[in-house]
Amino acid sequence: MRLSIHPTKPDTVELLQTRLMERSRDPEADLRARIVAAHALGELGDPRFERCSGPHGDYLRPPLVAIEAATYRIGSDEGLYADEASAHDVPVEAFAIGRFPVTNAEWRLFIDAGGYQNERWWRTEAARRWQRGEGIADGPREAARNFRQAVRDNPAQIDDWLAAGQITSKEAQDFTQWYVEMADGDFEALLASWFSSDVQTQPLLWHDPAYNHPAQPVVGVCWHEARAYCAWLSAQTGQDYRLPSEVEWEAAARGRAERRYPWEGDFDPSRCNSFESHVRGTTPAGVFPAGDTPQGIADMSGNVWEWTSSLYRSYPYRADDGRENSKDGDGRRVVRGGSWDFNRGLARCAYRDYPLPGDRGRNLGFRVLCVSPIP
């Protein structure tokens, strides 16, 4: 949907923005109507993201939600996954977290400011190696080889995933072709097409119309890219932005009430963009208002996995045990929240996944945390 608004009528633009924002957040409206409204708002300019000028060009200031300092219950004793146990209390200092995952509109300004080329935002040696394209495809290719071997060791699990509703029939066909039937040489050629060794200057799917609308969360960004964006945004605003730790993320999602999902009550497919929503792709940020936390944080279940700062290690969580070491550029990092192509069990607030820091999947995004006072 494309809008053409006369530039001399700011009152008309403001009215349209307000109406579209209301429509995109109307829980009584059909999901398709909310998505259309959000797309139109993204093209017109979403006033919830204040456009500002900083020392390194324009940027969009993200709306933030304050989270109080408290002791939060982290983890789960449900017995679903061993790495969630055992549930334990962790004191957390006050912070503010992005109301939405970082969007393509926000990321566009990072690209326009030369963020990929400016070494100052890539603050560890591992990040600078990634920026220079050194070994950039090694980790993702190795992860794909390991996944292929796991599927080859038990090809029946493809049918199990399909029967459980964890993959689509098209994905089942693709998995069978790629991971079971394809010859080794052909698979290596496929990996070369999936994971480029070239220097990167934009997210993996930046030109894919299924993922690149301004209102959608940015995807196809690795952990190093997400941290570079936070460094750039900090310099632009004079505020201290970074990735949340996995404990901060879970505290924001679950609250002190220890919610299983970000909302009160059990799973409801109308509250988030998980596999059960049948959207089969990312949705504009915030179009599932019924899935907000009580504090108003959107999309913490489903839509995109969100990078955290934390190395993947066993519980109990201790911030001083090295798991928040940003210089360990090779260790797997925790992502939270599930995504559009994973089911309800992985959208629980306690679930932990752990991709390689160089992974750039079509379901990987992030949101920012601000440790300074809310602007």
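Here, each number is a calculation from the coordinates, and none is a lab measurement. The model shown is predicted, which means the values in this text are computed figures rather than measured ones. Cβ atoms come from the backbone with ideal geometry, glycine included; neighbour counts cover every protein chain shown.
Odds and ends about this structure:
- Each Lys and Arg contributes +1 and each Asp and Glu -1, all at the Cβ; summed about the Cα centre of segment 137-195, the dipole is approximately 100 debye.
- Counting only Cβ charges, +1 for Lys and Arg and -1 for Asp and Glu, the dipole size of the chain around its Cα centre is about 740 debye.
- Least to most buried among Cys52, Cys349 (fewest other Cβ within 10 Å first): Cys52, Cys349
- Remark on Leu64: its backbone amide H falls under 5 Å from those of Arg99, a criterion applied only to residues 5 or more positions apart or on other chains, H modelled at 1.01 Å from N.
- Mean-position separation - Cα centroids, segment 278-335 and segment 164-180, in angstrom: 26
- Among beta bridges that DSSP assigns inside the chain, antiparallel share in %, nearest 5: 85
- A straight line joining the Cα centroids of segment 13-50 and segment 225-256 runs 25 Å.
- In the chain, Cα pairs under 8 Å separated by at least six residues give a relative contact order of 22 percent.
- With θ taken as phi - 60° and the Karplus curve 6.51 cos²θ - 1.76 cosθ + 1.60 applied, the whole-hertz 3J(HN,Hα) list for segment 119-134 is 5, 5, 7, 9, 9, 10, 5, 5, 5, 5, 5, 5, 4, 7, x, 7 Hz, x standing for glycine and proline.
- A helix-only calculation puts the chain at -9000 deg cm²/dmol for mean residue ellipticity at 222 nm, using -39500 (n - 2.57) for each DSSP H run of at least four residues, averaged over all residues.
- (i) 69, 43, 36; (ii) 63, 44, 44; (iii) 98, 51, 40, with the label sought being that of the calculated Cα extents along the principal axes in Å: (ii)
- With N counted as the residues of segment 42-184, its alpha-carbon radius of gyration over 2.2 N^0.38 Å works out to 1.51.
- Mean-square fluctuations from a GNM of the chain, with a 10 angstrom spring cutoff on Cα atoms, peak among Arg51, Arg348, Arg332 at Arg51.
- The order of Met182, Met300, Met21, going from fewest to most other C-beta atoms within 10 Å of their C-beta, is Met182, Met21, Met300.
- Relative contact order of segment 259-374, defined on C-alpha pairs under 8 angstrom at six or more residues apart (%): 29
- Coupling constants for segment 105-111 follow from the phi torsions by the Karplus curve (6.51 cos²θ - 1.76 cosθ + 1.60, θ = phi - 60°), and in residue order they are 4, 5, 5, 3, 6, 5, 5 Hz; glycine and proline get x.
- Length released on extending from Thr168 to Asp83, taking residue separation times 0.36 nm less the Cα-Cα span: 27.9 nm
- Mean separation of Cα contacts under 8 Å, 6 or more apart, over the residue count of segment 137-195: relative contact order %: 43
- Sorted by Cβ neighbour density within 10 Å, fewest at the top, the residues Cys222, Cys370: Cys370, Cys222
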